[in-house]
1. Output yes when any residue across the stretch 48-67 is within 18 Å of PRO19 (Cα to Cα) and either free of Cβ contacts under 8 Å to residues at least 24 places away in the same chain or in a helix (DSSP H, G or I) (or both), and no when none is.
2. Does at least one position in the stretch 12-29 carry a residue that is in a strand (DSSP E or B), in contact with a Ser or Thr (Cβ under 6 Å, 6 or more places away or on another chain), at pLDDT 95 or above and of a type outside the set (Phe, Trp, Tyr)?
3. In the list PRO115, PRO67, which residue meets the criterion of being out of contact with any strand residue (DSSP E or B) (no Cβ under 9 Å at 6 or more places or on another chain) and more than 21 Å from TYR32 (Cα to Cα)?
4. Taking the stretch 21-74 on its own, how many of its residues are open to solvent by less than 40 Å² (accessible area, probe 1.4 Å), under 19 Å from LEU4 (Cβ atoms) and among the small types (Gly, Ala, Ser)?
Amino acid sequence: MASLQIMWLTNNQLTGSIPAQLGSLTNLRILYLDRNLLTGPLPGELGNMASLETFDASDNLLSGSLPAGMGNLSSLENLWLYNNQLTGSIPSELGNMASLQIMWLTNNQLTDSIPAQLGSLTNLRILYLDRNLLTGPLPGELGN
């Protein structure tokens, strides 16, 4: 499966956690896991998926914090994790995802402030952070 480029598992009834072994699919460009019953944290190994352009795990029951290692996903253009139960702060390392165009983290339980490092995402066109528990000032760097 080393040459696998697209994995589309949308709208099933998949349960359990996202396997850490998916991180070894370094040629995977598109990963859709949305609208399932997946639980547990996002594995840090997802940050090893160097070719990943789209990651959608929205509409699941995922919990825990966003792994800082996701900041290694320099090819990622679309990050959709809305309608989950993610907690903790948004890692400043996500500001390293140079290709990111859409970040959709709506309707989770994310806390703390919005990291100023998100201002370095110069390709970012859409940022959805509504319906979380974010606090603090709005970083001026987002104007970049």
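1. yes
2. Of all residues in the stretch 12-29, those in a strand (DSSP E or B) come to 15-16.
Narrowing further to those that are in contact with a Ser or Thr (Cβ under 6 Å, 6 or more places away or on another chain): none.
No, every residue in the stretch 12-29 fails to be in a strand (DSSP E or B), in contact with a Ser or Thr (Cβ under 6 Å, 6 or more places away or on another chain), at pLDDT 95 or above and of a type outside the set (Phe, Trp, Tyr).
3. Sole residue among the options that is out of contact with any strand residue (DSSP E or B) (no Cβ under 9 Å at 6 or more places or on another chain) and more than 21 Å from TYR32 (Cα to Cα): PRO115.
4. Final tally of qualifying residues: 4.
The values are calculated or read from the model by the stated rules, or taken from the named source; none is laboratory data. Computed from a predicted structure; not experimentally measured. In this analysis, Cβ positions are derived from the backbone assuming ideal geometry, glycine residues included, and neighbour counts consider all displayed protein chains. Protein only, heavy atoms only, side chains kept; ligands, DNA and RNA dropped before computing areas. Shrake-Rupley method; radii C 1.70, N 1.55, O 1.52, S 1.80 Å.
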